[in-house]
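Below is one structure, written out as structure tokens, with a few remarks after it.
Bear in mind that the values in this text are calculations on the coordinates, not laboratory data. From a predicted model like this one, the values you see are computed outputs, not experimental measurements. As a convention, Cβ positions derive from the backbone with ideal geometry for all residues, glycine included, and neighbour counts pool all protein chains shown.
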Amino acid sequence: MMVRKNKGLGPRHIKILEFLQSYWQENNYPPTIREIGENTGISSTSVVNYYLDQLEKMGKIERDRKISRGVRLTGMPALAEMLRIPILGPIAAGLPLPVFEAGISYETENEAHAVDIARSTLPTRDSDRLFALEVQGDSMIDAMINDGDIVVMKPAIEARNGEMVAVWLPETNETTLKYFFKEKDGYRLQPANPTMKPILIDKDQPLEIKGKVVMVIRKVESLAV
């Protein structure tokens with residue numbers, strides 16, 4: 001549905017309103033300021049806020065400035081509670097990377113270090129302990145997890161065979177994202193890429209499960225125009 005041009009609405013106002021509407025219909029939650037700018041051709045977040053302020057004064061949108069996804073079209077139902085999940089760092093979906101430092105407290109007001117998710121979309125009730133990691137590598141591509149995607153994790157120290165987990169290998173101080181299998185002689189960390197071999201861990205070697213994947217947030221590629 002196209003947004004009708006009313007008095008005072010310019011082309012950028014209309015483009016923002018149309019994007020807010022289409023994004024909500026697709027995701028059931030609002031975009032961030034950065035996403036609004038990227039998808040409406042506005043490079044500066046301050047300029048995006050300038051137009052949003054005007055739209056708010058016109059009564060076209062409502063804003064909650066306490067959260068990053070606090071913009072919605074007037075008349076849309078209020079957004080269910082949003083959960084801000086810290087991105088603790090990278091995790092390898094390929095060769096193991098140095099371990100992410102799960103004890104660090106990240107500044108979640110910075111969008112680059114956190115992701116906002118509606119609680120209603122999460123498959124777990126224990127949502128306050130979730131954390132997120134940025135995937136690096138392509139060993140999980142057959143599981144539809146690509147380089148640059150964000151995986152939302154729940155803390156765990158045990159896993160069943162076939163579950164996708166973040167595993168810390170203490171001997172090399174590395175972490176990796178793989179399917180977990182406990183076998184007779186040890187553990188198999190299985191990639192979801194037929195061109196890659198599993199990581200085999202002897203039963204006398206230390207291995208620590210750090211978390212299980214509960215959600216994947218796809219990386220959105222920006223298209224040049």
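Where does each of 200-210, 176-186 land if you order them by average Cβ count within 10 Å, highest first?
Answer by packing, highest mean first, reads 176-186, 200-210.
Give, rounded to the nearest 20 debye, the magnitude of the charge dipole that the stretch 11-73 has about its Cα centre when Lys and Arg contribute +1 at Cβ and Asp and Glu contribute -1 at Cβ.
Computed about the Cα centre, the dipole is about 160 debye.
Could you work out the relative contact order of the stretch 11-73? I mean the mean sequence separation of Cα pairs under 8 Å and 6+ apart, divided by the number of residues, in percent.
After rounding, I find 33 percent.
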